[in-house]
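Participant: I'd like to ask some things about the structure below.
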Amino acid sequence: MALTSGTKLGPYEIVSPLGAGGMGEVYRAHDSRLGRDVAIKVLPPQLQADPDLKARFEREARAISSLQHAHICTLFDVGHQDGIDYLVMEYLEGETLAARLLKGPLPIDQVLTIAIQTADALERAHRHGIIHRDLKPGNIMLTKSGAKLMDFGLAKGKAAGAMSGGGGVGVLTPSTPTMNVAQMTSPLTPLTQKGLIVGTFQYMAPEVLQGAEADARSDIFSFGCALYEMAAGKRPF
């Protein structure tokens with residue numbers, strides 16, 4: 001359901017749409033309490049209708065909100081109003097890495113800077129037991145203050161006991177999701193429906209495509225794909 005300018009969700013007033021994807025619609029909004037602009041993501045109906053998914057997402061949102069890092073987009077708030085569930089995030093000005101890559105590969109100094117900043121952000125998330133699961137150029141924002149890793153909307157937290165070695169890498173375990181070939185034919189399709197593999201398949205590790213559980217290593221594979229694309233100007237697969 002698209003929201004119009006002037007719609008209010010708690011203290012937040014919708015200003016304009018920013019985009020839409022598999023995990024909902026995103027809007028620019030104004031926080032009347034603190035006098036600042038924010039980004040609001042309205043969660044998709046399938047997530048709102050499933051109490052188990054909704055509860056899991058709220059738990060993970062609380063975990064993600066603890067990720068205070070210069071190169072991670074900050075999650076400020078979680079809310080519900082008139083049947084609408086939403087997330088309130090830091091509003092970022094700039095362009096996504098995906099948009100920049102439409103102009104071709106990046107100079108090597110920019111590749112290294114963006115890669116280091118993104119890797120540092122990813123390492124922080126992994127140390128907090130958070131797996132992104134959809135790392136791709138479209139989820140890296142290039143701002144004046146550097147790269148920002150965004151949209152942990154597909155993120156999955158792991159229990160501390162499931163992590164090993166302090167590096168945030170757990171053991172890959174079998175899982176029930178499978179992927180329908182027909183759903184792989186649309187480029188850059190985010191697969192978010194319940195019972196399916198979650199992510200964007202051009203950047204997903206092979207073992208995840210085969211049905212294994214995503215973990216820190218699969219995030220690193222996705223990061224490698226983005227790194228290749230920055231340097232070569234094309235996706236590796």
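Participant: Residues D85, D134: which one is within 26 Å of R217 (Cβ to Cβ) and either assigned by TED's automatic domain parsing to the domain that holds D31 or in contact (Cβ under 8 Å) with a residue 40 or more places away in the chain (or both)? Spell out the reasoning first.
Facilitator: On the way: D85 fails: within 26 Å of R217 (Cβ to Cβ).
Of D85, D134, the one residue that is within 26 Å of R217 (Cβ to Cβ) and either assigned by TED's automatic domain parsing to the domain that holds D31 or in contact (Cβ under 8 Å) with a residue 40 or more places away in the chain (or both) is D134.
Participant: Are any of the residues in the stretch 137-150 at pLDDT below 85 and in contact with a helix residue (DSSP H, G or I) (Cβ under 6 Å, 6 or more places away or on another chain)?
Facilitator: Keep residues of the stretch 137-150 that are at pLDDT below 85, which gives none.
No, the stretch 137-150 contains no residue that is at pLDDT below 85 and in contact with a helix residue (DSSP H, G or I) (Cβ under 6 Å, 6 or more places away or on another chain).
Participant: Residue pairs, Cβ under 8 Å, 6 or more apart or interchain, first in the stretch 8-37 and modelled with pLDDT under 90, second surrounded by fewer than 16 Cβ atoms within 10 Å (Cβ to Cβ). List them.
Facilitator: G22/T189; E25/A2; E25/P17; E25/G19
Participant: Next up: Looking at (1) out of contact with any Pro (no Cβ under 9 Å at 6 or more places or on another chain); (2) surrounded by 18 or more Cβ atoms within 10 Å (Cβ to Cβ); (3) hydroxyl-bearing (S, T, Y), find the lone condition where S65 falls short.
Facilitator: The failed condition is (2).
Participant: Which numbered condition trips up E123, out of (1) over 12 Å from L149 (Cβ atoms); (2) surrounded by fewer than 17 Cβ atoms within 10 Å (Cβ to Cβ)?
Facilitator: (1)
The values are calculated or read from the model by the stated rules, or taken from the named source; none is laboratory data. What you see is a predicted model; the values in this text were computed from it and never measured. Glycine gets a Cβ as well: all are built from the backbone with ideal geometry, and neighbour counts include every protein chain shown.
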